[in-house]
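Undergrad: I'd like to ask some things about the structure below.
The values are calculated or read from the model by the stated rules, or taken from the named source; none is laboratory data. Only a predicted model underlies this, so the values are computations on that prediction, with no experimental measurement involved. Ideal geometry is used to build each Cβ from the backbone, glycine not excepted, and the neighbour counts take in all protein chains shown. Remember, those area values only see protein heavy atoms, side chains included, never the ligands or the DNA or RNA. Shrake-Rupley method; radii C 1.70, N 1.55, O 1.52, S 1.80 Å.
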There are 2 protein chains.
Amino acid sequence: MAQKAGVSVTTVSRVINNSKPVSSELRERVERVIKETGFAPSEVARGLVHRKTKLIGLMIPKVANTFFSQLIEGAEQVAKANGFNILLTVSHMDMEKEVDYLSIFKDRQLDGIIFSVSQFTNLHRQFFNEFEIPTVFLGQQIKETPYPYILIDNFKASYEATKYLINKGHEKIGILKGPDYDISTGYERYRGYQQALQDAGLAVHDDWVFSDFHDINNGYRGMKTIMEQDELPTAMFACSDVMAVGAINYLQDHGFRIPQDMSIIGFDDAELSTMFRPKLTTIRQDSFEMGAEAMRCLIEQIVEKKTEKKEIIFPHQLIERESTAETTNYLRR
Amino acid sequence: MAQKAGVSVTTVSRVINNSKPVSSELRERVERVIKETGFAPSEVARGLVHRKTKLIGLMIPKVANTFFSQLIEGAEQVAKANGFNILLTVSHMDMEKEVDYLSIFKDRQLDGIIFSVSQFTNLHRQFFNEFEIPTVFLGQQIKETPYPYILIDNFKASYEATKYLINKGHEKIGILKGPDYDISTGYERYRGYQQALQDAGLAVHDDWVFSDFHDINNGYRGMKTIMEQDELPTAMFACSDVMAVGAINYLQDHGFRIPQDMSIIGFDDAELSTMFRPKLTTIRQDSFEMGAEAMRCLIEQIVEKKTEKKEIIFPHQLIERESTAETTNYLRR
DNA sequence: AATCTACAGGAAAACGTTTTCCTGTTCTTG
DNA sequence: CAAGAACAGGAAAACGTTTTCCTGTAGATT
């Protein structure tokens, strides 16, 4: 390249980066050769000298899930706009894989990490203790690192969801939640539910609590388990829309009408919430924007070269649609 | 690192890569220091000397879409198993963005590309003419490059879907299709539909043909447009499940029953096909496995260092569920 | 005992850039 | 007119590895 233009590599670098004035004659020679050969500098060589890769590691538990797939799109858009690209990894809730990927991120010298941790284990702790890399945590309140995290107030949102059902006259309210170690969609959402019941003077009925990964089949199974009890709830708080949909499927398959026979409120406002019938009453969180904001926050850390602990609490919103109604207290409840 | 162990960098490299025998004494010294410091060689420096990045560029039009999000998971899994990582980009069907990303892929010296092209333009052509990089095309029959492509037989699948409706007694069959320039989900699927009608001696009724991007709102809109005609179809072939769901939503919102008043067959077998009610009759394609296979095929190209033109035609499968029925010819049809 | 062979390990080149430092020319300025 | 300033451009170092090539020592072979 430099040879073809009859100049030094230095000069080539200068015209490409505009880092120092170059006479118009040489500049033109170089530019012509660039046009002709389609030359473009190697990003990896650049990366080596700058110790920057312009790559962001994005680690999430699953992509085939509206929440995460929209989040990815948000993150990608902001990354692209700032000259970054995304290295995507899927952890499938597997802690070992997570730590494994973390060290891949390190070896590849990624400029930053957006990380939806499933559970912050000692290995995670160790990694972040030994190694400094701009990070934003997603969906969980990770307090033990100097890095920001971004999430909605799951406790409050769940409190509101439950309260909403209570206000509709329901006193027997079950919950379909994530696994306990999943702080956000398991523990925190359960806490909100529990608190709302307690504040209303209602008891938590353990038979109406079902925990498992958020997927449609578990929603179905969970609802089945609960409907096989002697005493039945009149409303359910499903901690994700997929759970809600699975539950509704079970109920409809067994002759129950929603919301007349059972009120169900979901969580996420996934695309399917509106296309599903009945349309889901749900708690909306803007996953696209959360991905975008996480990326902004990360890039800020990277360019400013300093990280400050920030809690970014995103707003949520209860959206009333068709899957919930006033209690009618019928059946054998 | 080398200093701390009192050896040369050469030796460090040798123990890490086992590339040449090292005396047990030095080996131990080096290994100890590695343990202590958590040293790991820089992948970017390695990339520079090997001219390999172990990175695969994956470009798709959208991630918040079951087909693609599952495909990503399949691809990621195979990549991971072979020591590759994925650089993910989202093109949003924007040709300029696509070409832009292609040159980013080139500059970053990615080892290969998995590419779901929206439309193969001259700029695409130019890129692949000027630059050699192992590639696998997804979802479209790109014949003009030496690289493999992987897809289902959209013509045949659509023929079968339409034939299925015809066999149910339907003679008035509409279609909700992708845009024309989208060869697979627009053009090819339309061709299959048309051919099936023709072979059955039925005419294509232009008023029952609706084209637009595959999303739920367009399904709704498309169905609306068609239902506002004087003469109405008794069955619809929706070229994607999201279109089908949108269409059904429209119909149900206006008092039609599925499948009694209108049969609808979808395409994709997205997760929502079974959780939606009525459960969607649809054409199934295994997107996870297509992603996985695309990645296998790409990695093969990369390690064997030769590419041969291959057509990988994935099987599809008509799955009969609840959204289709024998024609009943009622209403004013 | 002298040469040859094996072999461990280091020095240096290479990968493709950016950046620092230096050189030589031209232009100012007193 | 000489000395300094301004400036364009190149040489070389640096980034962190791998790999090639060389060296020195110890053991084997005549």
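Undergrad: Could you list, in sequence order, the residues of segment B:16-31 that are more than 8 Å from DNA strand C (Cβ to nearest atom), away from chain A (no Cβ under 14 Å) and of a type in the set (A, V, I, L, M, F, W, C)?
TA: B:V30 - this is the single residue of segment B:16-31 that is more than 8 Å from DNA strand C (Cβ to nearest atom), away from chain A (no Cβ under 14 Å) and of a type in the set (A, V, I, L, M, F, W, C).
Undergrad: Out of everything in segment A:1-23 that is β-branched (V, I, T), open to solvent by less than 70 Å² (accessible area, probe 1.4 Å) and part of a helix (DSSP H, G or I), what residue ends up being farthest from DNA strand D (Cβ to nearest atom)?
TA: The extreme case among them is A:I16.
Undergrad: Answer yes or no as to whether B:S211 is under 17 Å from B:N65 (Cα atoms), small (G, A, S) and either within 24 Å of the chain's Cα centre (by Cα) or more than 14 Å from chain A (Cβ to nearest Cβ) (or both).
TA: The answer is no for B:S211.
Undergrad: Hey, another quick one. Only one of these conditions is not met by B:T66: (1) surrounded by 18 or more Cβ atoms within 10 Å (Cβ to Cβ); (2) within 12 Å of DNA strand D (Cβ to nearest atom). Which number is it?
TA: Going through (1) surrounded by 18 or more Cβ atoms within 10 Å (Cβ to Cβ); (2) within 12 Å of DNA strand D (Cβ to nearest atom) one by one, B:T66 breaks only (2).
Undergrad: Next question, about the same structure. Please verify whether A:S91 is assigned by TED's automatic domain parsing to the domain that holds A:F120, touching a Lys or Arg at 6+ places or on another chain (Cβ under 7 Å) and away from DNA strand C (no atom under 16 Å from the Cβ), treating the condition exactly as stated.
TA: Yes.
Undergrad: Considering only segment A:286-310, state which residues are free of Cβ contacts under 8 Å to residues at least 60 places away in the same chain and in contact with a Leu (Cβ under 6 Å, 6 or more places away or on another chain).
TA: none
Undergrad: Residues in segment B:117-133: is at least one surrounded by fewer than 23 Cβ atoms within 10 Å (Cβ to Cβ), within 10 Å of chain A (Cβ to nearest Cβ) and touching a helix residue (DSSP H, G or I) at 6+ places or on another chain (Cβ under 6 Å)?
TA: Taking every residue of segment B:117-133 in turn, at least one turns out to be surrounded by fewer than 23 Cβ atoms within 10 Å (Cβ to Cβ), within 10 Å of chain A (Cβ to nearest Cβ) and touching a helix residue (DSSP H, G or I) at 6+ places or on another chain (Cβ under 6 Å).
Undergrad: Scan segment B:46-58 for residues that are away from DNA strand C (no atom under 12 Å from the Cβ) and small (G, A, S) and jot them down.
TA: Across segment B:46-58, the qualifying residue is only B:G57.
Undergrad: I'm trying to understand the selection: among the residues of segment B:139-161, which are out of contact with any helix residue (DSSP H, G or I) (no Cβ under 6 Å at 6 or more places or on another chain) and not aromatic (F, W, Y)?
TA: B:Q141, B:I142, B:K143, B:E144, B:P146, B:L151, B:I152, B:D153, B:K156, B:A157, B:E160, B:A161
Undergrad: Continuing with the same structure: Give me the residue from segment A:259-279 that is among the hydrophobic types (A, V, I, L, M, F, W, C) and modelled with pLDDT of 95 or more and, out of that set, nearest to A:G74 (Cα to Cα).
TA: By that ranking, first place goes to A:F267.
Undergrad: Follow-up question, since we're still on this one. Looking at this structure, is A:V78 open to solvent by less than 30 Å² (accessible area, probe 1.4 Å), under 19 Å from A:D111 (Cβ atoms), away from every other protein chain (no Cβ under 11 Å) and away from DNA strand D (no atom under 12 Å from the Cβ)?
TA: Here the answer is yes, as A:V78 does meet what is asked.
Undergrad: Only one of B:L26, B:L48 is more than 9 Å from DNA strand D (Cβ to nearest atom), open to solvent by less than 80 Å² (accessible area, probe 1.4 Å) and either of a type in the set (A, V, I, L, M, F, W, C) or under 29 Å from A:D111 (Cβ atoms) (or both); which?
TA: Result of the check over B:L26, B:L48: B:L26.
Undergrad: Moving on to the next point. Looking at A:D111 and the list (1) under 21 Å from A:M290 (Cβ atoms); (2) within 11 Å of DNA strand D (Cβ to nearest atom); (3) of a type outside the set (F, W, Y), which single condition is not satisfied?
TA: Here A:D111 meets the rest and fails (2).
Undergrad: Hey, among the residues in segment A:254-277 that are touching a Leu at 6+ places or on another chain (Cβ under 7 Å) and polar (S, T, N, Q), which one's nearest to A:E326 (Cα to Cα)?
TA: It comes out as A:S263.
Undergrad: Among (1) without any contact (Cβ under 8 Å) to a residue 60 or more places away in the chain; (2) touching a strand residue (DSSP E or B) at 6+ places or on another chain (Cβ under 7 Å); (3) buried (at least 22 other Cβ atoms within 10 Å of the Cβ), there is one condition A:I283 misses while meeting the rest; what is its number?
TA: The one condition A:I283 does not meet is (1).
Undergrad: Let me ask you something else. Name every residue in segment A:32-45 that is open to solvent by less than 40 Å² (accessible area, probe 1.4 Å), more than 10 Å from DNA strand C (Cβ to nearest atom) and at the interface with chain B (Cβ under 10 Å from one of its Cβ atoms), in order of residue number.
TA: Selection gives A:G38 alone.
Undergrad: Let me ask something additional. Are there any pairs, at least 6 apart or on different chains, whose C-beta atoms fall under 7 Å, with the first in segment A:54-68 and among the aromatic types (F, W, Y) and the second assigned to a strand (DSSP E or B) and crowded, with 23+ Cβ neighbours inside 10 Å, and if so, which?
TA: A:F67/A:D268; A:F68/A:I60
Undergrad: Taking the condition of a type outside the set (A, V, I, L, M, F, W, C), away from chain B (no Cβ under 14 Å), in contact with a strand residue (DSSP E or B) (Cβ under 7 Å, 6 or more places away or on another chain) and over 14 Å from A:L176 (Cβ atoms), does A:Q260 pass?
TA: Against the criterion (of a type outside the set (A, V, I, L, M, F, W, C), away from chain B (no Cβ under 14 Å), in contact with a strand residue (DSSP E or B) (Cβ under 7 Å, 6 or more places away or on another chain) and over 14 Å from A:L176 (Cβ atoms)), A:Q260 does not qualify.
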